[in-house]
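Data first, discussion second: the structure below is written as structure tokens.
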Amino acid sequence: MKKPFLSIIIPAHNEQYRLPNSLEKINKFLMKQRYLAEIIVVENGSTDNTVGVVENKQADYKNLKLIKEQRRGKGLAVKIGMLAAKGQYRFLADADLSMPIEEINKFLPPKLESCDVAIGSREVNGSKRYNEPYYRHLTGRVFNTMIHLLALPDIQDTQCGFKCFRDNVAEAVFPLQTLDGMSFDVEVLLIARRLGFSIQEIPINWYFNADSRVRLLKDSIQMTQDLIRIRQNIHRGIY
């Protein structure tokens with residue numbers, strides 16, 4: 001089989017309701033492109049019919065692949081998907097498509113050249129947020145301040161769920177990933193930076209989804225602990 005130009009990796013935990021619409025949008029978008037692409041859904045530990053939804057769609061979408069993983073964790077799902085993908089470019093997309101899928105070409109040649117890692121940003125000039133409650137934005141800014149202090153001082157938005165890695169970058173970075181949860185973004189970007197890869201923030205249009213899976217208090221505590229673990233890993237020479 002010819003190597004795909006693009007792999008779209010979607011981590012999916014209990015996504016039976018959001019996935020059908022998102023997969024349809026992605027498929028319609030890809031049908032208009034000239035490049036070969038694959039869609040990889042990594043289901044991990046769902047208790048709903050996420051697996052059944054994807055399996056049903058596979059009859060219509062021949063480029064749709066399903067990976068089933070019993071262990072939970074968004075970071076784990078992303079790692080599995082990135083390393084299983086075959087694309088020259090490997091794009092992480094949240095299942096809710098809070099960034100319109102049409103913007104994906106911003107992350108790819110010919111619109112973007114000579115970049116190892118391109119990450120969607122809701123903070124750089126040219127980006128727009130829609131319908132986000134103020135308290136959500138404030139919480140994100142507080143966490144980003146901690147990231148600046150402890151890990152990545154020059155990146156404005158590490159947590160946006162849309163990121164693109166060149167194939168050689170993904171294959172170098174993700175085997176070193178140790179975090180399975182929500183903080184994996186910070187870790188993989190830090191690893192990429194320490195390995196000498198370039199990172200560019202891409203301004204996007206981002207739409208707040210009231211059905212977001214982020215749990216502000218619990219996730220904030222866990223992510224703070226993860227940042228401390230990342231610093232410890234740096235000192236231990238793990239990266």
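Rule-based calculations on the coordinates, nothing more; no lab input. Note that the structure is predicted; figures quoted are calculated from it, not measured. With ideal geometry, Cβ positions are generated from the backbone for all residues, glycine too; neighbour counts draw on all protein chains shown.
Quick notes on this one:
- Helix axis angle, 74-84 relative to the chain longest principal axis, alpha carbon, degrees: 60
- Calculated [222 nm] ellipticity per residue, helices only, for the chain: -11500 deg cm²/dmol; basis is -39500 (n - 2.57) per DSSP H run with n ≥ 4, divided by all residues, nearest 500.
- Rg and Dmax, both from the Cα atoms of region 1-89 and both in Å, are 12.5, 37.
- Net +/- balance of residues flanking Ala151 in space, Cβ distance below 14 Å, scoring K and R +1, D and E -1: -1
- The mean sequence separation of alpha-carbon pairs under 8 Å and at least six residues apart, normalised by the residue count of the chain, gives a relative contact order of 23 percent.
- Tilt relative to the chain, helix 134-150 - C-alpha long axis, 0 to 90 degrees, to 10: 60
- In region 134-239, the trypsin sites (Lys or Arg not before Pro) that fall in loop regions by DSSP, at most 13 other Cβ within 10 Å: Arg215
- Highest-fluctuation residue, Asp185, Asp154, Asp96 considered, GNM on the chain with Cα pairs under 10 Å: Asp154
- Extension gain from Val142 to Ile238, taking 0.36 nm per residue of separation minus the Cα-Cα distance: 31.9 nm
- For region 26-120, GluC sites (Glu not before Pro) are listed when DSSP marks them as loop and at most 13 other Cβ atoms sit within 10 Å of their Cβ; the list is Glu113.
- Mean-square fluctuations from a GNM of the chain, with a 10 angstrom spring cutoff on Cα atoms, peak among Ile221, Ile191, Ile199 at Ile221.
- In the chain, one over the average inverse separation of all distinct C-alpha pairs is 18.1 Å, which is the Kirkwood hydrodynamic radius.
- Taking Cα centre as origin and charging only the Cβ of basic (Lys, Arg, +1) and acidic (Asp, Glu, -1) residues, the dipole magnitude of the chain rounds to 260 debye.
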